[in-house]
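The values are calculated or read from the model by the stated rules, or taken from the named source; none is laboratory data. Remember, it's a predicted structure, so these values are computed and weren't measured experimentally. Here the Cβ is made from the backbone with ideal geometry for all residues, glycine too, and neighbour counts use every protein chain on show.
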Amino acid sequence: MKQELTENILPYWMNKMQDQEHGGFYGRIDGNEVLHPYANKGAIMNARILWTFSSAYRLLRKEEYRIVARRAYDYIKAYFIDKCYGGAFWELDYQGNPVNTKKQTYVQGFMLYAFSEYYRATRDAESLQLSKNFFYLIERCYDREQGGYFEAYSCDWRPIDDMRLSEKDANEKKTMNTHLHILEPYTNLCRIWDNNKLKAAQKRLIRIFVDKIQDKQNNHFQLFFDETWNVKSTAISYGHDIEASWLLFEAAKELGDEELLGEVRILSLKVAAAATKGLMPDGSLMYERDNDHLDCERHWWVQAEAVVGFMYAYRNSGDDTYKQKALHVWEYIQAYLIDRTNGEWYWSRLDNGTVNHSDDKAGFWKCPYHNGRMCMEMMEAVL
């Protein structure tokens with residue numbers, strides 16, 4: 001895992017994605033390995049770069065990782081943060097001018113995740129204050145009547161009609177995905193900031209997963225909801241299930257509430273077991289199921305989260321079959337997803353086994369975060 005991180009994933013972003021002319025990082029390398037120097041720059045990609053290189057520096061203390069992390073940190077501060085209304089813009093052009101100024105709660109969560117990890121790595125006081133600022137900002141998105149966090153707002157924090165993260169998402173006011181990526185940074189913030197409001201918000205968020213988002217009938221996590229938590233989708237996302245299974249456990253563990261942790265450990269194992277239904281004969285994890293329709297594309301991020309999630313299930317249960325499942329996914333990744341010629345990972349393998357060249361190699365959603373985090377989670381387990 002260390003070799004994959006240090007010799008393949010991180011060098012790709014260091015050597016190919018730094019924009020030396022306009023600052024920060026290029027917006028896109030497509031699936032055919034063609035750089036698009038004038039592509040727009042997304043907040044999600046930039047926050048995930050900051051998180052990844054900060055985490056790598058924290059673990060390995062290599063100065064080159066700190067330098068890249070600082071580059072991401074400075075660019076985000078200068079261009080993505082809205083100095084008038086607060087929060088982070090969704091998208092900039094290649095020169096750093098805002099082109100989509102909506103405030104997606106999901107993005108604010110990743111900014112918090114990135115700044116809090118930068119603080120863990122460097123102890124830079126400003127990054128801790130930015131982390132706190134984003135926490136209070138996200139709490140403004142909380143629905144005090146029905147619970148949970150609303151999806152998106154306009155630049156000046158007014159309600160908007162289209163709240164989707166992407167075109168394939170349902171246009172609903174609350175989603176599992178956004179709640180997961182608020183839970184994740186709140187866990188990280190708990191590691192560096194002892195604050196009662198934060199702990200209360202995190203406990204409340206865990207209960208939302210337990211009481212609202214989990215489907216008690218099949219142990220999968222439901223994906224889309226209206227304002228009053230009516231379920232608006234029948235799809236099952238195996239990647240989100242296995243990712244949430246371990247992130248939820250980490251969130252409860254960080255709070256130090258033993259009763260809650262015991263409850264979440266049981267739930268986490270139930271979700272991991274449900275996710276195994278998406279495993280394919282080649283050891284990989286399929287993308288999604290919606291009633292009788294199976295989407296068997298093998299996405300890079302789903303495989304990365306499967307390795308981590310099944311290893312957590314192994315550690316929490318002692319069941320060796322989970323470790324074998326993690327190993328089989330890792331073997332699939334090595335055989336079919338790592339690009340041995342150009343570096344990094346392909347977006348996916350299609351159901352017929354061919355490489356997906358239509359989707360990006362690096363871009364708005366294709367970042368070093370899922371696969372980089374997989375490596376670092378496995379490294380931290382033995383350090």
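Restricting the first member to segment 276-294 and to residues that are more than 25 Å from Lys323 (Cα to Cα), and the second to residues that are modelled with pLDDT of 95 or more and surrounded by fewer than 15 Cβ atoms within 10 Å (Cβ to Cβ), the beta-carbon pairs closer than 6 Å and six or more apart or on different chains are Asp290/Thr234; Asn291/Thr234. Filtered by the rule that a residue be in a helix (DSSP H, G or I), within 20 Å of Arg315 (Cα to Cα) and over 20 Å from the mean Cα position of the chain (by Cα), segment 198-256 gives a lone residue, Leu255. So is Leu165 aliphatic (A, V, I, L, M) and outside any loop (DSSP other than H, G, I, E, B) or not? No. State all residues of segment 209-222 that are buried (at least 20 other Cβ atoms within 10 Å of the Cβ) and closer than 18 Å to Thr276 by Cα; if no residue qualifies, say none. Within segment 209-222, Gln214, His220, Phe221, Gln222 meet the criteria. Determine whether segment 318-339 contains at least one residue that is aliphatic (A, V, I, L, M), closer than 26 Å to Asn188 by Cβ and touching a Gly at 6+ places or on another chain (Cβ under 7 Å). The answer is yes, given that some residue of segment 318-339 is aliphatic (A, V, I, L, M), closer than 26 Å to Asn188 by Cβ and touching a Gly at 6+ places or on another chain (Cβ under 7 Å). Just one residue in the set Ala200, Ala251, Ala273 is of a type in the set (A, V, I, L, M, F, W, C), in contact (Cβ under 8 Å) with a residue 60 or more places away in the chain and out of contact with any Asp or Glu (no Cβ under 6 Å at 6 or more places or on another chain); that residue is Ala251.
Quick check, is Tyr75 touching a Gly at 6+ places or on another chain (Cβ under 6 Å), over 20 Å from Lys2 (Cβ atoms), modelled with pLDDT of 95 or more and surrounded by fewer than 24 Cβ atoms within 10 Å (Cβ to Cβ)? For Tyr75, the condition - touching a Gly at 6+ places or on another chain (Cβ under 6 Å), over 20 Å from Lys2 (Cβ atoms), modelled with pLDDT of 95 or more and surrounded by fewer than 24 Cβ atoms within 10 Å (Cβ to Cβ) - is met.
All conditions but one from (1) touching a His at 6+ places or on another chain (Cβ under 8 Å); (2) without any contact (Cβ under 8 Å) to a residue 60 or more places away in the chain apply to Ile29; the one that does not is (2). Kindly indicate whether Thr276 is over 20 Å from Ile182 (Cα atoms) and either under 21 Å from the mean Cα position of the chain (by Cα) or of a type in the set (Val, Ile, Thr) (or both). The answer is yes for Thr276.
Annotation: of all residues in segment 16-25 being farther than 21 Å from Met374 by Cβ and either touching a residue at least 60 places away in the same chain (Cβ under 8 Å) or in a helix (DSSP H, G or I) (or both), the one that is farthest from the chain's Cα centre (by Cα) is His22. Of the residues screened, Arg315 is not one that is surrounded by fewer than 24 Cβ atoms within 10 Å (Cβ to Cβ) and assigned to a strand (DSSP E or B). Would you mind stating whether Thr354 is surrounded by fewer than 16 Cβ atoms within 10 Å (Cβ to Cβ) and among the hydroxyl-bearing types (Ser, Thr, Tyr)? It is true that Thr354 is surrounded by fewer than 16 Cβ atoms within 10 Å (Cβ to Cβ) and among the hydroxyl-bearing types (Ser, Thr, Tyr). On the stretch given as segment 98-124, residues that are hydroxyl-bearing (Ser, Thr, Tyr), touching a helix residue (DSSP H, G or I) at 6+ places or on another chain (Cβ under 6 Å) and over 15 Å from Trp193 (Cβ atoms) total 2. Put simply, of Arg61, Arg71, Arg48, Arg66 the only residue that is of a type outside the set (A, V, I, L, M) and without any contact (Cβ under 8 Å) to a residue 12 or more places away in the chain is Arg61. For segment 318-343, the candidate set comprises residues that are hydroxyl-bearing (Ser, Thr, Tyr) and within 19 Å of Ala362 (Cα to Cα); within that set, the residue that is surrounded by the most Cβ atoms within 10 Å (Cβ to Cβ) is Tyr336. Among the helices (runs of 4 or more DSSP H) confined to segment 38-152, the ones with at least 2 residues that are within 16 Å of the chain's Cα centre (by Cα) and under 26 Å from Met14 (Cβ atoms) are located at 43-60, 105-122. What about Arg120, is it farther than 20 Å from Ala47 by Cα and of a type in the set (Lys, Arg)? Judged against the criteria, Arg120 is not a match.
Listed by first and then second residue, the pairs linking a residue in segment 302-328 that is within 17 Å of Asn371 (Cα to Cα) to a residue that is of a type in the set (Asp, Glu) and buried (at least 24 other Cβ atoms within 10 Å of the Cβ), with Cβ atoms under 7 Å apart and 6 or more places separating them unless they lie on different chains, are Glu305/Glu243; Gly309/Glu243. Just name the residue that is nearest to Gln334 (Cα to Cα) out of those in segment 352-366 that are hydrophobic (A, V, I, L, M, F, W, C) and assigned to a loop (DSSP other than H, G, I, E, B). Here the residue is Trp365.
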